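J.: Sharing a structure, written as structure tokens. Questions coming.
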Amino acid sequence: ASQLVQAARVLAADYGFREALASHDRDTIVSALANHGSRIEANLMMLVALDEGVTAVHPDSAQGVEPALRSLIDAARTAGSGSGLVIVGGTLYQLVVVPVLAPLPVAWVVTGFVVDDAFVHDLKRVSGLDLSFLRRAGGEWNLSASSLDATLQPGLLSSFIEGAGALPETISLQGKDYASRPMRSDAGEQQISIVRQLSLERALEPWLKLYDS
């Protein structure tokens, strides 16, 4: 999130971008969003007016400002930036919001990455944990992305649903025990949960080697 904030601020501070904004040159604004998004490999770039209307978006498939995004804009008003998980157009994103200053805020730049399997595997490489992102849609929980093996994911989802969003400290998935910690990340009416897991076999491996020696 910190890296996303810095990347979004580079665009928000760009002189050419602010000139295009001042002259209401929508084509140039969209082009700047597309070019900057491509450089940082973002999946969603938006420019939101102070009245929270969407001025420009890339790609153009996401047109609305979700209620949960408004909470990130509110955070940016008070803290200079906002970040969080938001469902936009049915897709789960990690989003950040920063102001375009001239010198007071004149608009908001929104940058986002899709929470997909590549995203969670990147997090797994950093943290050493398996991570699963679940969201509730139409009254039912489903998996948006998970670093678990595909054969283990149905078991995790079933345990999560049976526990009404809670999990025992250790759950067994196809005979393998995992220490599990769910964490809610709700925003407005959206319900999102992140489950962090560690294979006990992997965690105990160094100690078992000591015992064997």
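The values are calculated or read from the model by the stated rules, or taken from the named source; none is laboratory data. Quantities reported herein were computed from a predicted structural model and do not represent experimental measurements. When we count neighbours, we look across all protein chains shown, and the Cβ atoms used for this are built from the backbone with ideal geometry, even at glycine. SASA here: full protein model, heavy atoms, side chains in, ligands and nucleic acids out. Shrake-Rupley method; radii C 1.70, N 1.55, O 1.52, S 1.80 Å.
J.: Give the residue from 93, 129, 106 lying farthest towards the positive end of the charge dipole for region 46-129; charges sit on Cβ (+1 for Lys and Arg, -1 for Asp and Glu) and the dipole is referred to the Cα centre.
T.: Sorting the options by dipole projection puts first 129.
J.: Taking GluC sites (Glu not before Pro) as exposed when DSSP calls them loop (any state but H, G, I, E, B) and at most 14 other Cβ atoms lie within 10 Å, what is the longest stretch of the chain free of them, the sites themselves excluded?
T.: With GluC sites (Glu not before Pro) excluded where exposed in loops, the chain gives 53-168 as its longest stretch.
J.: Hey, another quick one. Could you give the nm distance between label points at residue 210 and residue 172, where each point is 7 Å from its Cα heading toward the beta carbon?
T.: 2.7 nm
J.: Per residue, how much accessible area does region 77-202 have with a 1.4 Å probe, in Å²?
T.: 49 Å²
J.: Show me, for region 77-89, the HN-Hα J-couplings you get by feeding each phi into the Karplus relation (A = 6.51, B = -1.76, C = 1.60, θ = phi - 60°), rounded to Hz, glycine and proline as x.
T.: Once rounded to whole Hz, the list reads 4, 8, 10, x, 6, x, 8, x, 9, 9, 8, 10, x.
J.: How high is the relative contact order of the chain, in percent, counting Cα pairs under 8 Å that sit 6 or more residues apart?
T.: 15 percent
J.: Treat each spin label as a single point 7 Å out from the Cα along the C-beta direction, and report the residue 15 to residue 38 distance in nm.
T.: Reported label-point gap for residue 15 and residue 38 is 2.4 nm.
J.: Radius of gyration and Dmax for the chain's Cα atoms, expressed in Å?
T.: 20.2, 73
J.: When the chain is modelled as a GNM with alpha-carbon springs shorter than 10 Å, which of 174, 197, 153 fluctuates the most?
T.: Ranking 174, 197, 153 by mean-square fluctuation puts 174 first.
J.: Contour minus end-to-end for residue 125 and residue 6, with contour as 0.36 nm per residue of separation and end-to-end as the Cα-Cα distance?
T.: Stretched fully, the residue 125-residue 6 segment lengthens by 40.6 nm.
J.: Then there is this: When the accessible area of region 1-152 is split by element with a 1.4 Å probe, what percent falls to carbon and sulfur?
T.: Its accessible area is 51 percent carbon and sulfur atoms.
J.: Using the Karplus equation 6.51 cos²θ - 1.76 cosθ + 1.60 (θ = phi - 60°), what ³J(HN,Hα) coupling, rounded to whole Hz, does each residue of region 138-154 give in order, writing x for Gly and Pro?
T.: x, x, 10, 7, 8, 7, 7, 6, 7, 8, 5, 4, 4, 6, 8, 5, x
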